[in-house]
Structure formats: structure tokens, C-alpha cells
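Working notes, beginning with the structure itself.
The values are calculated or read from the model by the stated rules, or taken from the named source; none is laboratory data. It should be emphasised that the depicted structure is a prediction, and the values quoted were computed from it without experimental measurement. Calculation scope for accessible area: heavy atoms of the full protein, side chains included, ligands and nucleic acids excluded. Shrake-Rupley method; radii C 1.70, N 1.55, O 1.52, S 1.80 Å.
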Amino acid sequence: MTRRARQRAAGIVFFCNVSSASLADRDFVQDVTDFLEENRDLAQNIILETAQSGLDFENEDLKRQVDRLAALGTRFSLDNVTELPLDYARLAEWHIRFVKVPAERFADADPEGAWEGSLFQLRRMLGLHGIDLIVEHIETDRQLVELLEFNIAYGQGYLFGEPKPTPEE
């Protein structure tokens, strides 16, 4: 499926949700590593995504597993982010390249408002560490209009369409 999608759109990526328990599972990571070593061209198209609540930055075994996958070109995304501020340098050390924050977190935010703790500051600090912000759960036109004032580059949600499986050929 990934190869077919790449033929139609070279820059396409797939966000694959995995639990932190799966990332810490040596057998799981070995299977993924074996697959990516045999299919190195696909690693850049796969982004492994895990929830903020499940990621233990103190777990050295997990860090080694993440490092192994990153060495093959796999990128990582942190989703379901509810606790801010973030440790931006640590996220970068863990090869996190995307952070997803729910749109409702920024409801009624003022683009001209206070700088500290603002959406602008979050986006800026992530960017300084090579991490892109994705605003998720954009459900209404009003949310989209509000977020456009903040120059958000990436967004996802049902407003843009429901997720669909790729067509089988």
C-alpha cells in the first residue's frame, strides 16, 4: 500500500499509531527494524505516533529502541498532547518530528495576546527544535478560521474529511 501511494504522490507519509508498550517491546521493534532494513526506501514515509501520556522519557530501553528505528530513517510523532509546556530539547533527542495538539486547546485564543504560553510561542519553540506542530481535531469552520490567524501549517480533523482506507488495486 505504501509503495502504491508513493507512486501517486512521492511525498506522502503514513502516521501509524503505536503504543509506548509496543515501542518498548524488543520483538516488535525487531520486526519493524527487520522490515525497514529490507525496505529502507519506505522508512521516510512512515511516522510512528504515540500518545504523550504513554511516553516515559526516563525509560532507557525505550530510548534505545527509538534510536534504532530513527537510525533507519523513521520519524516519530507525539499525539494527544494535553500537558504543556513541553521539554522541546528532549522531544528532539527522542526523534519527535511532529507534535499534535487538539484544536480545543486553543479555543478563543487571541493572536494578538500574551506571547508567553501562546500558540505562537509553542509553534516557535517546536520549530527551533526541528519539530512541526499539527493541530488536530479540527471539527468546525469556526475553529479553522481561528487557527488560520495563527498561521498553522498542519491541521487534521473531520472538517477535512473522514479517514478512509486506500483503494485496493
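Counting every pair of alpha carbons in the stretch 40-82, the share spaced more than 14 Å apart comes to 52 percent.
For the stretch 68-76, backbone phi angles converted through the Karplus equation (6.51, -1.76, 1.60; θ = phi - 60°) give residue-by-residue couplings of 4, 5, 5, 4, 8, x, 6, 10, 10 Hz, Gly and Pro being listed as x.
Accessible surface area normalised per residue over the stretch 39-104 is 43 Å², counting heavy atoms of protein chains with a 1.4 Å rolling probe. Taking all protein chains as present, what is the carbon and sulfur share of the accessible area of the stretch 8-99, in % to the nearest whole number, probe 1.4 Å? The C+S portion of the solvent-accessible surface of the stretch 8-99 is 49 percent. Annotation: amide H of residue 132 within the under-5 Å range of 98, 99, sequence separation 5 or more or interchain, hydrogens built in the peptide plane.
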